[in-house]
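The values are calculated or read from the model by the stated rules, or taken from the named source; none is laboratory data. If you're wondering where the values come from, they're calculated on a predicted model, not measured in any experiment. Note: ideal-geometry Cβ built from the backbone for every residue, glycine included; neighbour counts use all protein chains shown. Side chains are part of the model used for accessible areas, which takes the heavy atoms of the whole protein and leaves out ligands, DNA and RNA. Shrake-Rupley method; radii C 1.70, N 1.55, O 1.52, S 1.80 Å.
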Amino acid sequence: MSNKPLNIGDEARVQMPMKTVASLIVLVAMGVFAYTEVTARLTSLETSRELFNADLLKKSEQKPTDQEQFMLIEALYGDVEKLTVTQEQNMTNKVNIEFLKTQLEKALQDVEELKDKVRANGNGHQ
């Protein structure tokens, strides 16, 4: 190796293999692309945050009557659910009552028949 001093100036020439030049161009392009993607993602997230904050402010500025109506609707919904459950239980009770009513009528008829038989036996043995 020679110990020549390195002269850098306007007229200096640099020789570099084409493979290295292509690699540098690809690396710079990838860096620019990555920077663009990160910037776009940050912009998207900031926009989403601003829209969310705007929606939140709108909802907090609702009229009190709207908020009251929403609460009333929720309360009515709960009441309707309770009434539905009660109605289903009452329908089951009605079926059971009808069944028991027929069973009681049959039992009363059987008791009357037994009473008639007892009367008939009592009259015949006197």
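Potential lengthening of the chain between ILE8 and LEU57 amounts to 11.5 nm, from the contour at 0.36 nm per residue minus the alpha-carbon distance.
A Förster distance of 35 Å, applied to the separation of the beta-carbon atoms of LYS101 and TYR77, puts the FRET efficiency at 0.45. Here the Karplus relation 6.51 cos²θ - 1.76 cosθ + 1.60, evaluated at θ = phi - 60°, turns the backbone of the range 39-51 into coupling constants of 5, 5, 5, 4, 4, 4, 5, 5, 5, 4, 5, 5, 5 Hz, with x for every Gly and Pro.
Set against the labelled values [x] -0.42; [y] -0.37; [z] -0.91, log10 I(q)/I(0) by the Debye sum over Cα atoms at q = 0.12 Å⁻¹ computed from this structure falls on [z]. Note on ASP79: accessible area approximately 80 square angstrom, rounded to 10, probe 1.4 Å, nucleic acids and ligands left out. Only helices enter the 222 nm calculation for the chain: every DSSP H run of n ≥ 4 contributes -39,500 (n - 2.57), and dividing by all residues gives -31000 deg cm²/dmol, rounded to 500. Note on MET18: accessible area approximately 150 square angstrom, rounded to 10, probe 1.4 Å, nucleic acids and ligands left out. Full extension of the chain between GLU50 and VAL111 yields a length gain of 13.7 nm, computed as 0.36 nm times the residue separation minus the alpha carbon distance.
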